[in-house]
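These notes concern the structure reproduced below.
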Amino acid sequence: MVNRRLGGRIKAHRPESSGIDLAPMLDFVMNLLIFFIITAVFTKEVAMPVSRPAAPGIGIAQKEAGSMLITIDSGGEILVDERAVDVRSIRANVERMLAEKPQNGVMVVADPRAGTGIVVQVVDQVRQGGVQNVSFGVTR
């Protein structure tokens, strides 16, 4: 069949492409996915294990047998076995206790109104002193 208006040839009709090429976007999304998967592997959460008191709110927690008692009052004053001490001397007291009785632990009893920062500093000093067995209690 010869089309006379086109000079004897039939031209094939090509549909014009008006879509968006998604290949570069998919490559970009795949690269982002790979990046986030790889970086998620390196995320490490740090936590401090806490042994909670069995019956909270019973008043002053009972001292565990053979343990050092560190009390923090609402004003941030620290008492180690009923003696007022500075936060920097806790480590020395803990090391002395461990030298005498290495199986002993430490019990930290804090007033609910005591600042969290001072409690964390006390626990850090206890851990640096070598005690990993730290119990917590609360006062009313």
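For the pair PHE35 and GLU16, label points projected 7 Å from Cα toward Cβ lie 3.7 nm apart.
Estimated from the Cβ-Cβ distance and a Förster radius of 30 angstrom, the FRET efficiency linking GLN103 and PHE42 is about 0.20.
The alpha carbon convex hull volume per residue for region 68-138 rounds to 70 Å³. Using 0.36 nm per residue and subtracting the Cα-Cα separation, the extra length available between LEU26 and ASP124 on full extension is 30.4 nm.
Values quoted throughout were computed directly from the atomic coordinates according to the rules given, and no laboratory measurement underlies them. Computed from a predicted model, the values in this text were never measured in an experiment. Note that each Cβ is placed from the backbone with ideal geometry, even for glycine, and that neighbours are counted across all protein chains shown.
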